[in-house]
Amino acid sequence: MSKLTDSIAQLATELVTPHAPTEKWTGQACGMIDMYIDEQGRWFHQGGQIKRLGLLKLFASVLSCEQNRHWLTTPIERCEMRVIDVAFLIDSWYSQFVAGEKVLVAVDNLGRNWPIYKQFPLKLRRFHDVELPYLSLGNGLQARISRNVYYQWVEELAEQDEQGVYICSAGMKFYLT
């Protein structure tokens, strides 16, 4: 591995909140639960919004997505829940230099940090008939880039080539259009 790759992997280890080993758990299926995440990344249970950040982070640590179905998995049970678009939104960001390269770090609506590089890439997908950037988070999960962050990136960082408008992070291009 190169020094840059090693340094970014170390940064990711320091920044990214670990996910529970849900892929190793084989809890009994409990069906669809009365819990959902709306298109703004707000979590609801039995019609009421869950606002306790610690509880949201706990749920996020056992959430996964497989074939567009979202699951909360514990060692005992595995329950499906409804997610309107994605479970998380990127609502802020910052940059830092790692081994001489600028690395953009996206911050989601739970305050978790995600360095944008090959392990957590930006990808374009459609939402409400508009192609938008989403950050891949692992475990099949994604976070939609908020409008505010998108326009900050376009204004402050974006470049353009024949393929479209892009930003650079960790020496890689990530397209916004």
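On the stretch given as segment 105-127, residues that are part of a strand (DSSP E or B), out of contact with any helix residue (DSSP H, G or I) (no Cβ under 8 Å at 6 or more places or on another chain) and buried (at least 21 other Cβ atoms within 10 Å of the Cβ) total 2. Mind listing just one residue for me: the one in segment 86-104 that is within 10 Å of the chain's Cα centre (by Cα) and assigned to a strand (DSSP E or B) and, of those, farthest from PHE44 (Cα to Cα)? Among those that are within 10 Å of the chain's Cα centre (by Cα) and assigned to a strand (DSSP E or B), it is ILE90. The set of residues from segment 18-58 being out of contact with any helix residue (DSSP H, G or I) (no Cβ under 7 Å at 6 or more places or on another chain), within 22 Å of ASN113 (Cβ to Cβ) and either in contact (Cβ under 8 Å) with a residue 24 or more places away in the chain or surrounded by 15 or more Cβ atoms within 10 Å (Cβ to Cβ) (or both) comprises PRO18, THR22, ILE37, GLN40, GLY41, ARG42, LEU53, LEU56, LYS57. For segment 59-69, the set of residues classified as in contact with a Gly (Cβ under 7 Å, 6 or more places away or on another chain) and either surrounded by 13 or more Cβ atoms within 10 Å (Cβ to Cβ) or closer than 14 Å to PHE88 by Cα (or both) consists of SER64, CYS65, listed by residue number.
No value in this document is a laboratory result; all are computed from the given coordinates. Note that the coordinates shown come from a computational prediction; the quantities given were computed from them, not determined experimentally. For neighbour counting, all protein chains shown are included, and Cβ atoms are generated from backbone atoms with ideal geometry for every residue, glycine included.
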